[in-house]
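Scroll down for the structure; my scribbles are underneath it.
The values are calculated or read from the model by the stated rules, or taken from the named source; none is laboratory data. Source: prediction; values computed, not measured. Cβ atoms come from the backbone with ideal geometry, glycine included; neighbour counts cover every protein chain shown. Side chains included, ligands, DNA and RNA excluded: accessible areas come from the protein's heavy atoms. Shrake-Rupley method; radii C 1.70, N 1.55, O 1.52, S 1.80 Å.
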Amino acid sequence: SIRYHFPPSFLKHRTVGAKLVFAVGPQAVPNFRMIERHYFRDQLIKSFDFSFGFCIPNSTNSWEAIYDMPALTPQWEQAIISNPFETRSDSFYFVNNQLVMHNKAEYAYNL
């Protein structure tokens, strides 16, 4: 797991940009897909599903996306700010519909 720290104002953003850079080894990676789910206290608050398609062998690839952030009520925002690391995400990586990696992260919005 990895832990991220953000200021509370981050929760007010309507969109967020992200860049992913990854290298592929000597074998091709067909049908590369990432599913990312974000939870607060085990309740799903946002989910993303990205397909990268085919990645050639021995390549370095980059991918950029603009995420639409969910609108949160003031009560949800305050609960997320007041409870560091109870906001979590799971990122699942698939090749040809087979899970090859699972990353977990925790978030605090209290800088």
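Can you tell me how much longer the chain between GLU106 and ARG37 gets when fully stretched, taken as 0.36 nm per residue apart minus their C-alpha distance, in nm with one decimal? Can you show the working numbers first?
Numbers: separation 69, 0.36 × 69 = 24.84 nm, distance 1.18 nm.
Stretched fully, the GLU106-ARG37 segment lengthens by 23.7 nm.
Atom-type composition of the exposed protein surface of the chain places 52 percent of the accessible area on carbon and sulfur (1.4 angstrom probe).
Relative to the compact globular guide of 2.2 N^0.38 Å, what is the alpha carbon radius of gyration of the range 4-48, as a ratio?
Working: Rg = 15.2 Å, N = 45, 2.2 N^0.38 = 9.3 Å.
With N residues counted in the range 4-48, Rg over 2.2 N^0.38 Å equals 1.63.
If you average the sequence gap of Cα pairs under 8 Å that are 6 or more apart and divide by the length of the chain, what percent do you get for the contact order? Mind dumping the intermediate values first?
Numbers: 230 pairs, mean separation 43.5, N = 111.
Contact order relative to length: 39 percent.
Where does the chain land at 222 nm, in deg cm²/dmol rounded to the nearest 500, when only DSSP H runs of n ≥ 4 count, each adding -39500 (n - 2.57), divided by all residues?
On the way: 1 runs with 9 residues, N = 111.
Taken over the chain, the calculation gives -2500 deg cm²/dmol.
Extending 7 Å from the Cα toward the beta-carbon at both PHE6 and GLN27 defines two label points whose distance is 3.5 nm. Note on volume of the Cα convex hull per residue in Å³: of the candidates [x] 103; [y] 84; [z] 233, the value calculated from this structure sits at [x].
The alpha carbon centroids of the range 60-111 and the range 12-28 are separated by 13 Å.
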